[in-house]
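K.L.:
Provided herewith is a single structure, encoded as structure tokens, for subsequent inquiry.
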Amino acid sequence: MPGSEKEYKYWGERASTHDNDYLYITGPTINREIKEWLILQFEVTDMVLELGCGSGGFSEMIADKVKHLTATDLAPEMVGKAKGKLSQFGNVEVQKEDCYNTSFKDNTFDAVLMVNLLHIVKEPVTVLEESRRVLKDDGRVVIVDVTGCGMPFLSKMALGFRYMKKWSRPAPYSRNFAPGEVTKIAQEAGFMVEELNLIGKDTKAVCVTGRKTMSEDMQNES
Ligand SMILES: C[S@@+](CC[C@H](N)C(=O)[O-])C[C@H]1O[C@@H](n2cnc3c(N)ncnc32)[C@H](O)[C@@H]1O
């Protein structure tokens, strides 16, 4: 299934002001908290694929923690922004890819990263199945999604208000994930969930890591 234009066009239209808008909406604290968690998830030997990298803010956080990063997005405007931001890193490539159907061979990457992607796509299980395909056996998926889940009612309302002020309407298919929902989706796509956190002093983020599991049939074949 290819990504519907709805899913990425909305973001392309917001690419030019994405970084400042995102910071205004979510606040600087959660960004710092995500970074602290994210940099612990990778090894210096890792070949990493990032799906839905947007303008490259989170790619930049991990670029010097990994061996190689392929940062991808389907919106051309976001790819352009990310290329500019990440040009300083010799180990980073930025390219246009559809997270439902990428151009990479099976068993290519040690880890797949997706930040704020899963909660805006129509078919999150399909996106994770594609991630699983391109991961090496034993590879990991690293998922981060900002969420209103677990926030006090008034803070959640304020988050929604800031969102509407900057981006005027919700993204198509956008939802607030609870940690258990992400676990279920990851398991359905064939991952063993290894870590599950709801982080954030103010704005929250669900942070999940999953390991590619092999079915018994596949294990017998290998
Ligand atoms: C909420 S933004 C997150 C961007 C970035 N990861 C961040 O957190 O700042 C979601 C991104 O997913 C991209 N996207 C949406 N549908 C996609 C698809 N089918 N394939 C690849 N990227 C997609 C959008 O273009 C957008 O850049």
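The values are calculated or read from the model by the stated rules, or taken from the named source; none is laboratory data. Since the structure is predicted, the reported quantities are computational estimates derived from the model, not experimental observations. Virtual Cβ from ideal backbone geometry, glycine too; neighbours counted across all protein chains shown.
K.L.:
Can you tell me which residue within segment 172-182, out of those that are part of a helix (DSSP H, G or I) and without any contact (Cβ under 8 Å) to a residue 60 or more places away in the chain, is surrounded by the fewest Cβ atoms within 10 Å (Cβ to Cβ)? Explain how you work it out, then say what you get.
P.N.:
Pass one, segment 172-182, residues part of a helix (DSSP H, G or I): 179-182.
The next check asks that each one be without any contact (Cβ under 8 Å) to a residue 60 or more places away in the chain; those that pass are 179-181.
Working: Pro179: 19, Gly180: 11, Glu181: 18.
Of everything passing the filter in segment 172-182, Gly180 is surrounded by the fewest Cβ atoms within 10 Å (Cβ to Cβ).
K.L.:
Also: If Val94 satisfies all but one of (1) at pLDDT below 95; (2) buried (at least 20 other Cβ atoms within 10 Å of the Cβ), what's the number of the condition it fails?
P.N.:
(1)
K.L.:
Can you go through Phe89, Phe104, Phe109, Phe58 and tell me which one is of a type in the set (Phe, Trp, Tyr), in contact with a strand residue (DSSP E or B) (Cβ under 8 Å, 6 or more places away or on another chain) and near the ligand (Cβ under 10 Å from one of its atoms)? Talk me through it step by step, then tell me what you get.
P.N.:
On the way: Phe89 fails: near the ligand (Cβ under 10 Å from one of its atoms); Phe104 fails: near the ligand (Cβ under 10 Å from one of its atoms); Phe109 fails: near the ligand (Cβ under 10 Å from one of its atoms).
Being of a type in the set (Phe, Trp, Tyr), in contact with a strand residue (DSSP E or B) (Cβ under 8 Å, 6 or more places away or on another chain) and near the ligand (Cβ under 10 Å from one of its atoms) holds for just one of Phe89, Phe104, Phe109, Phe58, which is Phe58.
K.L.:
Please work out which one of (1) under 16 Å from the mean Cα position of the chain (by Cα); (2) within 22 Å of Tyr10 (Cβ to Cβ); (3) surrounded by fewer than 17 Cβ atoms within 10 Å (Cβ to Cβ); (4) not hydroxyl-bearing (Ser, Thr, Tyr) is the condition Met164 fails and give its number.
P.N.:
(1)
K.L.:
Related question: Return yes when Val127 is within 14 Å of the ligand (Cβ to nearest atom), in a strand (DSSP E or B), of a type outside the set (Asp, Glu) and under 14 Å from the mean Cα position of the chain (by Cα) and no when it is not.
P.N.:
Details: within 14 Å of the ligand (Cβ to nearest atom): yes; in a strand (DSSP E or B): no; of a type outside the set (Asp, Glu): yes; under 14 Å from the mean Cα position of the chain (by Cα): yes.
When the stated conditions are applied, Val127 does not pass them.
K.L.:
Looking at (1) more than 11 Å from the ligand (Cβ to nearest atom); (2) β-branched (Val, Ile, Thr); (3) closer than 20 Å to Ala15 by Cα, which is the only condition Val121 fails?
P.N.:
That leaves (1) as the condition not met.
K.L.:
Which of the residues that make up segment 18-49 are β-branched (Val, Ile, Thr) and either away from the ligand (no atom under 14 Å from the Cβ) or free of Cβ contacts under 8 Å to residues at least 24 places away in the same chain (or both)? Walk me through how you get there before you give the answer.
P.N.:
Let us first name the residues in segment 18-49 that are β-branched (Val, Ile, Thr), namely 25-26, 29-30, 34, 39, 44-45, 48.
Hits for segment 18-49 are Thr29, Ile39, Val44, Thr45.
K.L.:
Can you tell me which residue within segment 183-210, out of those that are under 11 Å from Leu128 (Cβ atoms) and in contact with a Lys or Arg (Cβ under 7 Å, 6 or more places away or on another chain), is surrounded by the most Cβ atoms within 10 Å (Cβ to Cβ)?
P.N.:
Selected residue: Gly210.
K.L.:
Any idea how many residues of segment 153-171 are polar (S, T, N, Q) and in contact (Cβ under 8 Å) with a residue 40 or more places away in the chain? First the steps, then the outcome.
P.N.:
Taking segment 153-171 as the starting set, the residues that turn out to be polar (S, T, N, Q) are 155, 168.
Pick out the ones that are also in contact (Cβ under 8 Å) with a residue 40 or more places away in the chain and you get 155.
Adding up the residues that qualify gives 1.
K.L.:
Determine which single condition Gly150 fails, assuming it passes every other condition in (1) touching a Leu at 6+ places or on another chain (Cβ under 6 Å); (2) without any contact (Cβ under 8 Å) to a residue 60 or more places away in the chain; (3) within 10 Å of the ligand (Cβ to nearest atom).
P.N.:
Unmet for Gly150, out of (1) touching a Leu at 6+ places or on another chain (Cβ under 6 Å); (2) without any contact (Cβ under 8 Å) to a residue 60 or more places away in the chain; (3) within 10 Å of the ligand (Cβ to nearest atom): (3).
K.L.:
Being within 20 Å of Leu38 (Cα to Cα) and among the hydrophobic types (A, V, I, L, M, F, W, C) narrows it down to one of Val146, Val121, Val125, so name that one. Quick ask: steps written out before the conclusion?
P.N.:
Details: Val121 fails: within 20 Å of Leu38 (Cα to Cα); Val125 fails: within 20 Å of Leu38 (Cα to Cα).
Going through Val146, Val121, Val125 in turn, just one is within 20 Å of Leu38 (Cα to Cα) and among the hydrophobic types (A, V, I, L, M, F, W, C): Val146.
K.L.:
Would you please list the contacts, defined by Cβ atoms under 7 Å and residues six or more apart or on different chains, that run from a residue in segment 62-77 that is under 11 Å from Leu51 (Cα atoms) and at pLDDT 95 or above to a residue that is more than 9 Å from the ligand (Cβ to nearest atom) and assigned to a helix (DSSP H, G or I)?
P.N.:
Leu69/Ile62; Leu69/Ala63; Ala71/Leu86
K.L.:
When you go through Val142, Val125 one by one, which is the residue that is under 19 Å from Asn197 (Cα atoms), in contact (Cβ under 8 Å) with a residue 60 or more places away in the chain and touching a helix residue (DSSP H, G or I) at 6+ places or on another chain (Cβ under 6 Å)?
P.N.:
Values: Val125 fails: under 19 Å from Asn197 (Cα atoms).
Residue meeting the stated conditions: Val142.
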